[in-house]
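Comments concern the structure below.
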Amino acid sequence: MIGAGHAGLAISRILSEHSIEHVIIERGEVANSWRYERWDSLRLLTPNWQCRLPGYPYEGTDPDGFMSMPQVVERIAGFAAAIAAPVRTHTTVSSVKRTDGGYRVTTDQGEIRCRSVVLANGAANTPHVPQVHRGVPERIECFTAFDYHNPQRLPPGGVLIVGASATGVQLADEIQRSGRSVTLSVGEHVRLPRSYRGRDVLWWMEAAGVWNQRYDEIDDIERARRLPSPQLIGTPERATLDLNVLRAGGVEIVGRLSAIRDGRALFSGGLRNQFALADLKMQRLLDTFDDWGCSQPLDGAVGPPERFAPTSALATPRLSLDLRSGEIRSIIWATGFRPDYRWLEVPVVTAKGELRHDGGVVVDAPGMYAIGLPVLRRRKSTFILGAEDDARDLVAHLTRYLAEAKSGRAAL
Ligand SMILES: Cc1cc2nc3c(=O)[nH]c(=O)nc-3n(C[C@H](O)[C@H](O)[C@H](O)COP(=O)(O)OP(=O)(O)OC[C@H]3O[C@@H](n4cnc5c(N)ncnc54)[C@H](O)[C@@H]3O)c2cc1C
C-alpha cells in the first residue's frame with residue numbers, strides 16, 4: 001500500500017479483517033497531507049459525525065462541528081494507532097514496476113516485492129496551475145493552496161484569487177476579512193447552502209442517497225470526476241459561503257481567467273451563465289432532497305422546503321485587469337489539485353496524468369488498485385466517510401484476485 005492517509009488506513013483495516021499480510025509505505029508521517037499541505041485556518045467542510053472510518057465512529061462531544069487540521073491529524077493518527085496499522089513512515093516510493101508474479105516497489109529504504117499494490121497516495125498531491133500563469137508579470141507573487149498559510153504572509157496589496165470552488169471561496173473570505181482587497185475569478189462552480197431545512201446540506205447528501213450513487217450508475221462519469229468541490233466552509237456559525245455572501249463582504253467577482261496578455265488579465269464575459277448554471281444545479285439538488293423527503297417519515301425532523309435567492313449578477317463585471325498597475329500584488333491559484341504518479345512505471349496513466357481504472361481496479365494491471373480518487377466507486381469516494389465502502393469493495397476484489405493467483409488462475 002502506498003500512502004498513510006485515511007484512505008490507505010481504511011484499506012489496511014479491512015485487509016487485517018481478512019488476515020491479508022500488508023505494509024503501508026508513507027513518505028512522511030501518518031496523515032501527512034493534513035499536517036503539511038493545508039493552510040492554517042482550514043477546517044473540514046464535512047461535519048464531525050461524517051469523519052467515521054471503519055470500526056472507528058466519531059464519538060466526540062461535537063458531532064455537528066468541523067475539525068481543524070490538528071484535530072484531523074489527531075483523529076487519523078488515532079485510527080492508525082487503534083488498528084495497529086503496519087506503517088513504514090519516512091519511506092518514499094520512487095518506482096513501481098510489473099514483475100512476473102506481481103510488482104516491485106522501490107523506495108529510498110530498499111525494495112519490496114508484492115503480489116498486489118494499492119495506490120492510496122492521494123488525489124491532491126500537487127496543486128494544478130493552468131498554463132495561463134506564464135503571462136503573470138514578475139513583480140506579482142504567486143501562491144497555491146500548498147504555499148498559502150494566512151493573509152499576514154502575503155505581500156501587502158490587492159489579491160487576485162483564481163478559482164471559486166471550496167478553496168477559492170474560503171481564501172477569498174479570509175483574505176477580504178483581513179482587510180485586503182480581493183478579486184475572485186469565477187468559472188464553473190458548485191453552489192450549496194450550508195444548511196437546508198434545518199439540517200446540514202451534507203446530511204441531505206448522505207440521507208437522500210446522493211453521495212452513495214455508484215460510479216457505474218452515473219451517465220457521464222468523466223465529467224462527474226472533474227466536478228469542482230462545492231462552495232462550502234465549516235465554521236462554528238454554520239455559515240453559508242457563496243458568491244452573494246462574498247460580494248456583500250466586498251469581494252469583487254470577475255469571470256473566468258481566460259488569458260494574460262501584455263500584463264493584462266482577461267476575464268470571460270460568461271459570468272451570468274455560470275451563475276445561472278450553478279443556481280439551477282443547486283435548485284435541482286434541493287428538489288432531489290425534497291422528493292426523497294416526501295417519501296420518508298421525517299415529521300418534525302426537518303423544516304419546510306426553502307429556496308434561495310439567485311446569485312446576483314453584476315451590471316458590468318470587469319473584463320480585464322492590468323496586473324502591472326500595482327493594484328494586484330499577489331495571485332492565488334485555487335484551480336484544483338492533481339495526483340502525482342511520476343513514479344508509477346506501469347503504463348496505466350493517461351497523457352493527461354489520470355489513472356486508468358474501473359472503480360478503483362486499475363485497468364491492465366492485475367492486482368493493482370487505487371482508493372481515495374474523486375467518484376472512484378461512489379460520489380462520496382474522496383471524502384473521509386467514503387473510504388469504508390470503497391475499501392470493502394476493493395478488498396473483496398483483491399481477496400478474489402489473490403486466491404486466483406494462488407491457484408494459478410489469475411492473469412498475472
Ligand atoms: C484542501 C482540501 C480540503 C479537504 N477537505 C475535506 C473535508 O472537509 N472532508 C473530507 O472528507 N475530505 C476533504 N478533503 C478530501 C480528502 O479527504 C483529502 O484529499 C484526503 O487527504 C484524501 O485522503 P487520502 O488518504 O486519499 O490521501 P492523503 O491524505 O493525501 O494521503 C496520501 C498519502 O500518500 C503519501 N504519499 C504520496 N506519494 C507517496 C510516495 N511516492 N511514497 C510514499 N508515500 C506517498 C502522502 O505523503 C500522503 O500521506 C479535502 C482535500 C483538500 C485538498
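Structure notes:
- Among the residues listed as VAL346, VAL302, the single one being within 16 Å of the ligand (Cβ to nearest atom) and outside any helix (DSSP H, G or I): VAL346
- Helices (runs of 4 or more DSSP H) contained in segment 185-263 and holding at least 1 residues of a type outside the set (A, V, I, L, M, F, W, C) and free of Cβ contacts under 8 Å to residues at least 12 places away in the same chain: 221-226
- Residue within segment 325-335 that is more than 15 Å from the ligand (Cβ to nearest atom), surrounded by 14 or more Cβ atoms within 10 Å (Cβ to Cβ), assigned to a loop (DSSP other than H, G, I, E, B) and not aromatic (Phe, Trp, Tyr) present: no
- Failed criterion for GLN274 (all others in (1) over 27 Å from the mean Cα position of the chain (by Cα); (2) surrounded by 17 or more Cβ atoms within 10 Å (Cβ to Cβ); (3) among the polar types (S, T, N, Q) hold): (1)
- Subset of segment 29-71 that is in a helix (DSSP H, G or I) and near the ligand (Cβ under 8 Å from one of its atoms) - its residue that is surrounded by the fewest Cβ atoms within 10 Å (Cβ to Cβ): ASN32
- Just one of (1) buried (at least 16 other Cβ atoms within 10 Å of the Cβ); (2) over 28 Å from CYS51 (Cα atoms); (3) among the aliphatic types (A, V, I, L, M) fails for VAL375. It is (2).
- When segment 83-107 is filtered for residues that are open to solvent by 50 Å² or more (accessible area, probe 1.4 Å), farther than 15 Å from GLU29 by Cα and more than 9 Å from the ligand (Cβ to nearest atom), the ones remaining, listed by number, are LYS97, ARG98, ASP100, ARG104.
- Qualifying residue in segment 4-27 (condition: open to solvent by 30 Å² or more (accessible area, probe 1.4 Å), farther than 24 Å from VAL395 by Cα and within 13 Å of the ligand (Cβ to nearest atom)): no
The values are calculated or read from the model by the stated rules, or taken from the named source; none is laboratory data. Fair warning: this is a prediction, and the values are worked out from it, not measured in the lab. FYI the Cβ positions are ideal-geometry reconstructions off the backbone, even for glycines, and counts take in every protein chain you see. Side chains included, ligands, DNA and RNA excluded: accessible areas come from the protein's heavy atoms. Shrake-Rupley method; radii C 1.70, N 1.55, O 1.52, S 1.80 Å.
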